[in-house]
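A short worksheet on the structure shown next.
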Amino acid sequence: MDPYVIFDCEKALPNRFALVLAAAARTRALDRGDEPRLALRDRNAGDLALQEIAAGAFSEDELAPFLLPRQAEACLLPAPSTTSKLCGDGRSKAAAASAASPTEAVH
């Protein structure tokens with residue numbers, strides 16, 4: 001496999017986790033007998049799947065399940081608050097859990 005193909009794939013799918021999911025799904029489809037979208041010989045299914053993604057052989061509709069919606073990207077994590085405290089005055093009101101009683105058998 002060409003190590004630079006991943007850089008080309010990131011143009012179509014910028015998130016590497018999404019890229020792995022898309023490549024795995026395409027690899028399974030190729031293993032089940034789907035026709036390759038590129039005429040490349042002597043490639044295994046995984047390499048061919050990455051080459052197809054890098055070459056842009058898929059429409060945006062086909063890649064949409066692997067992409068985050070644009071409006072959701074901005075609200076993945078809330079902004080940290082500098083004024084929040086865990087328990088009002090900063091001290092925990094919960095008692096520490098006791099250790100197992102000596103009569104309890106641990107197996």
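See the values below:
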quantity	calculated
Peptide ranges 45-56, 23-34 listed from the most packed, as the mean C-beta count within 10 angstrom indicates	45-56, 23-34
Selection of chymotrypsin sites (Phe, Trp or Tyr not before Pro), segment 1-49, meeting DSSP coil and at most 10 other Cβ within 10 Å	Y4
Estimated FRET transfer efficiency (R41, R16; beta-carbon r; R0 30 Å; 0.05)	0.60
In order through segment 13-30: 3J(HN,Hα) via Karplus (6.51 cos²θ - 1.76 cosθ + 1.60), integer Hz, x for Gly, Pro	10, x, 8, 5, 5, 5, 4, 5, 5, 5, 5, 5, 5, 5, 4, 4, 5, 5
For R37, distant residues with modelled amide H under 5 Å away	none
For segment 5-67, projected area of the alpha-carbon convex hull averaged over all directions, nm²	3.8
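Just so you know, all these numbers are worked out from the coordinates, no wet-lab data involved. Because the structure is a prediction, the values reported are computed rather than measured. When we count neighbours, we look across all protein chains shown, and the Cβ atoms used for this are built from the backbone with ideal geometry, even at glycine.
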